[in-house]
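Presented below is the structure to which this report refers.
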Amino acid sequence: MTGKPYRQNSIRSLPTFDSHVLETYLDDQRELKNKVYSMFRGRPDLLPETVEGLSKEEHRSLVRRQLIALLEAGFNPLDFFSHDVRKYFYLGECLALVDLSLTVKSGVQYSLWGGSVVNLGTEMHRKKYFDDIASFRLPGCFAMTELKHGSNVAALQTEAVLDLMTDEWVIHTPDDGAIKWWIGNAADDGRAASVFARLKIPDTSSTHPVPGSGHLRPQVQLIDHGVHAFIVPLRDASGSLLPGIEIKDCGYKVGLNGVDNGAVRFTHVRVPRTNLLDRFGTVDKGGCYSSPLTSQARRFAATLGELTGGRVGLCCSSVSLLKGAMTIAIRYTSHREQFGPPDSPEIAVLDYQSSQTKLIPMLASCYALHFSKNFLVKQYSEMKKTRDPHLVEEVHALSAGLKAYVTHFTANALSVCRESCGGHGYAAVNRLGMMRSDHDIFQTFEGDNTVLLQQVSALLLKQYKSQFKGAPLTSSYRFLGQLLASSLPSNPLVTYDTDIRHLRDPVFLTSALEYRTARTLFTLSLRLRKHRAKLGAFHAWNQCLNHTLNLANAYIESVVYKCFLKAVEECLDPDCRRSLKALSDLYALRCIESDMLFRNEDYIAPAKAKAMQRLMVDLCSELRGVAPALVDAFAIPDHILRAPIGLSNSTGASDVYKEYLLAAGFDVV
Ligand SMILES: Cc1cc2nc3c(=O)[nH]c(=O)nc-3n(C[C@H](O)[C@H](O)[C@H](O)COP(=O)(O)OP(=O)(O)OC[C@H]3O[C@@H](n4cnc5c(N)ncnc54)[C@H](O)[C@@H]3O)c2cc1C
């Protein structure tokens, strides 16, 4: 479908292109997608019109059946996760459009529960559990968060104390604040969990006075080795809770009600010593702790580092959902007509400048984020193969930063898509509301976005500091060195240049975005140093926190733009490339134009800012005609998208209502 745009001025449209050509360029794993979606085509019972009227029990049962149907059809997510992560993340993208609860349930089982066993355990754990986790015979949980501690994982209070006599860990919740909370798969299905608890070993050498006796008697003190993961069985094969395990349902949530989140309390639960997932630290029969990593902090970082896969998965499914919402909004607004010149037909909603400037830059970001998440998946998969420590650090920062950036963007975009579709966007059957509610928590779980962005900035600051100590910057950060070394000049020729060729020149756009990162890093480091002397490190950081978040965003946007630019350069079809180039220009211009830093630092003069604003409006107008083809290239089949107002088979303004009327129960000829 193409939706013929109404032309109101002399701005030229971009040449149309075959959306299949672009689809092929965007997606080299279509075969897997086709298989997954054709499995669902054959199972309409797994694809209800909407899940909004379902009780949580009905929704959970649906999601369980969907997951089992996938396994029965031969898809093995845990096998993908262990041997071909690209396929694993791609499957998550596909499932996100079926039902986000399904992606999350699958993520809990395979990436969190399965991933913790595979990545934090040893070959022994892998052998023992892999097949049962893969087949869902052993549904499991990832039990990290507690009632009183979510982001601050180092402060978790659940205890795992070694009983030297029985060679067992005693897992215990010391107080209500340490009850594990929000644990996915716990309320109904989970038969076991990776429980994050403080590993404590008796220090048999210690002697202490017995109070009041005046005598010395050996009394056991515990040595706390920090947070580790332990496999703890929760339910028996019949689903009954095991002794010492108490689980409550977290109840209805704002979205994702197909996932059974629960709260778990442990009362002196005994598990064998070998249930410690001990890749980064082990304990022998005599209670002796050993680790290849020298400090507790390094062990903790290594443990958390193994969990980056979850964040990569969230980026992928968030981008997938964004594509779904963009598809609905662009198709619908291309056909929905309201008002028009006197004695003339009404015009499409997408022909209004306000709609274009809302939706088309979002479409540009959607493409930018598509290429960036591909880059992240590539880097992650490379890191898994090579274990190169530089890459580990880089992927950690990239996954943290992109997860925060992508999910924040998508959360806002879902609202704008709903609003752009007016009242009909609010009908549950059109799915935008459900997408918005389900996705919202992506900004919080697997690391709260505000907390994750700080990790990105901390890494940039570390790179910046190590440069002064003579250490070379790793390849991804080399641009910082060049910009910082040249003391960040703002070139007057650049400041005042309003020529369109210059404004659309990737050299200008790249250097502007890099300048912003380097400048923000430079000023942040000065401010931190100044405040640290008076306030100490913690309060100095807090004093500069917004600055810190700006730095992370600036860095991520420059990475995203670079990924986009590379994709434009590598696209061989000239018509597709022209549209991609316009989208990439729009993406970068918007990042630059919306940031006051460029004007405050005299990098961009007011006249240039105005020229950029005009150019962005023009680019939106140029792209309006190809916008439907740009969403068609996402190639989401109608039976998966399911929103009656956003289907591909409506080819004109009257058709767009047909499916919707049918969904409401009207007969349509
Ligand atoms: C539906 C759902 C499913 C979940 N599934 C699981 C699961 O399966 N397993 C599991 O272990 N956990 C799970 N979680 C928990 C989730 O990972 C946590 O909610 C998340 O880590 C955030 O922690 P918190 O809720 O304690 O928020 P908090 O850390 O208390 O954050 C509250 C606010 O404080 C701000 N804040 C916190 N620290 C800082 C800081 N240093 N600087 C600035 N601002 C800060 C945050 O930005 C946020 O706005 C789930 C949560 C939900 C809602």
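The values are calculated or read from the model by the stated rules, or taken from the named source; none is laboratory data. Nothing here was measured: the structure is a model prediction, and the numbers come from that model. Ideal geometry is used to build each Cβ from the backbone, glycine not excepted, and the neighbour counts take in all protein chains shown. To get the accessible areas, we keep the full protein, side chains included, count just its heavy atoms, and leave off ligands, DNA and RNA. Shrake-Rupley method; radii C 1.70, N 1.55, O 1.52, S 1.80 Å.
A simple spin-label model places the labels of Glu246 and Lys462 4.0 nm from each other, with each point 7 Å out along Cα-to-Cβ.
Rounded to the nearest percent, how much of the accessible area of region 456-630 (1.4 Å probe, protein heavy atoms only) is carbon and sulfur?
Carbon and sulfur together cover 56 percent of it.
Close amide H pairs (under 5 Å, H built 1.01 Å from N) link Ala187 with Asn261, Gly262, residues at least 5 positions away or on another chain.
Under the simplified labelling scheme, the Asp573-Ser354 pair shows an inter-label distance of 3.5 nm, with each label point 7 Å from Cα along Cα→Cβ.
Stretching the chain fully between Leu304 and Asn542 yields a gain of 83.4 nm (0.36 nm per residue, less the alpha carbon separation). Per the Kirkwood definition applied to all pairs of different Cα atoms, how many angstroms is the hydrodynamic radius of the chain? With all distinct Cα pairs of the chain included, I get 27.0 Å. Here the gap between Thr386 and Ser55, fully extended at 0.36 nm per residue and compared with their Cα-Cα distance, gives a gain of 114.6 nm. Distance between the pseudo-spin-label points of Ser151 and Ser594 (7 Å out from Cα toward the beta carbon): 2.2 nm. Rounded to the nearest whole Hz, the Karplus-based 3J(HN,Hα) values (6.51 cos²θ - 1.76 cosθ + 1.60, θ = phi - 60°) of region 631-644 follow the sequence 7, 4, 5, 6, 6, 8, x, 4, 6, 9, 5, 6, 7, x, with x at glycine and proline. Take the Cβ atoms of Ser344 and Asp655, set R0 to 25 Å, and the FRET efficiency comes out at 0.70. In the chain, taking the dipole from charged Cβ atoms about the Cα centre, the farthest positive-side position among Ser355, Ser579, Phe371 is held by Phe371.
Here the Debye sum runs over all C-alpha atoms of region 543-669 as equal scatterers in vacuum, and log10 of I(q)/I(0) at q = 0.11 Å⁻¹ comes out as -0.62. Rolling a 1.4 Å probe over the protein heavy atoms gives the chain an accessible area of 42 Å² per residue. In order along region 250-258, the phi-based Karplus estimate (6.51 cos²θ - 1.76 cosθ + 1.60, θ = phi - 60°) of 3J(HN,Hα) comes to 6, x, 5, 10, 5, x, 6, 6, x Hz; Gly and Pro are listed as x. The stretch between Leu662 and Leu164, if pulled fully straight at 0.36 nm per residue, gains 172.5 nm over its current Cα-Cα span.
Cross-link partners of Lys358 among lysines, defined as those whose alpha carbon lies under 16 angstrom from its own and excluding same-chain residues fewer than eight positions apart: Lys323. At an R0 of 56 angstrom, the distance between the Cβ atoms of Asp505 and Thr267 translates into a FRET efficiency of 0.25.
Ligands, DNA and RNA left out, the 1.4 Å accessible surface of region 141-293 is 55% carbon and sulfur atoms. Sorting 416-426, 576-586 by average packing, meaning the other beta carbons within 10 Å per residue, from highest down gives 576-586, 416-426. Dimensions of region 281-426 along the principal axes, based on C-alpha atoms and rounded to the nearest Å, stand at 90, 27, 18, largest first.
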